[in-house]
Amino acid sequence: MTKKRSPTFRAFVDPLIGDNPISVQMLGICSALAVTVQLKTALVMGISLTFVVAFSNLIISLLRKWIPRNIRIIVELSVIASLVILADELIRAYLFDISKQLSVFVGLIITNCIVMGRAETFALGHPPHQAFADGIGNGLGYTLVLVTVAFIRELLGSGKLFGFPVVPEAFYAAGYENTGFMLLAPAAFMIIGMLVWLQKSISGKP
């Protein structure tokens, strides 16, 4: 007999692949186009969003019984905005160079549909431990796609990973050239499209 997975486990695991926020739910694509030129910026962006969505889910779930329905959006935005400011300030303090590269995109996490969507559709109706697991799962699912796209773009576009050259000089001497198109936003859109196609082909879902 197959052991039934707990709701908390499902809340964490499902967004990683089966219900990924980008490749299945089609959320957060704009930031995925903008911050995936380099692996390090994609990774920091993914960690930042994971932090915000996990703790906003947790806080909103803890407060769900005391939040009046008619002002719930205001409360959710206040919680999310506070966490975004905290994440942005931490990146500025400890990763200033990456903060400059990310520009306004960390601050724009507050407008990311994933964060508000999980607060509205999950955190308000589930206990804190499940809401936190859901936030971690959705954040890591988002990060997984960002890192995959950034890996392809940085490797093919500049011959580097995390800023370090990985393509041997012998390749360039033999005529190999980096694909400059990979550094442009349309390349990220095409890679995400291929990931969506691959996932739907494997899962068999329309």
Helices (runs of 4 or more DSSP H) (entirely within region 90-206) containing at least 3 residues that are in contact (Cβ under 8 Å) with a residue 12 or more places away in the chain: 96-102, 113-121, 128-158, 185-203
Condition met for V79 (modelled with pLDDT of 90 or more, in a helix (DSSP H, G or I) and either crowded, with 19+ Cβ neighbours inside 10 Å or among the aromatic types (F, W, Y) (or both)): yes
Enumeration of residues in region 88-146 that are of a type in the set (F, W, Y) and modelled with pLDDT of 90 or more: Y94, F122, F132, Y142
Out of S61, S56, S48, sole residue that is touching a His at 6+ places or on another chain (Cβ under 7 Å) and buried (at least 18 other Cβ atoms within 10 Å of the Cβ): S61
Conditions (1) in a loop (DSSP other than H, G, I, E, B); (2) modelled with pLDDT under 85; (3) within 11 Å of the chain's Cα centre (by Cα): number failed by P21: (2)
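The values are calculated or read from the model by the stated rules, or taken from the named source; none is laboratory data. Everything numeric in this text was worked out from a predicted model, so none of it was measured. Neighbour counts are summed over all protein chains in view; Cβ atoms, including those assigned to glycine, are modelled from backbone coordinates with ideal geometry.
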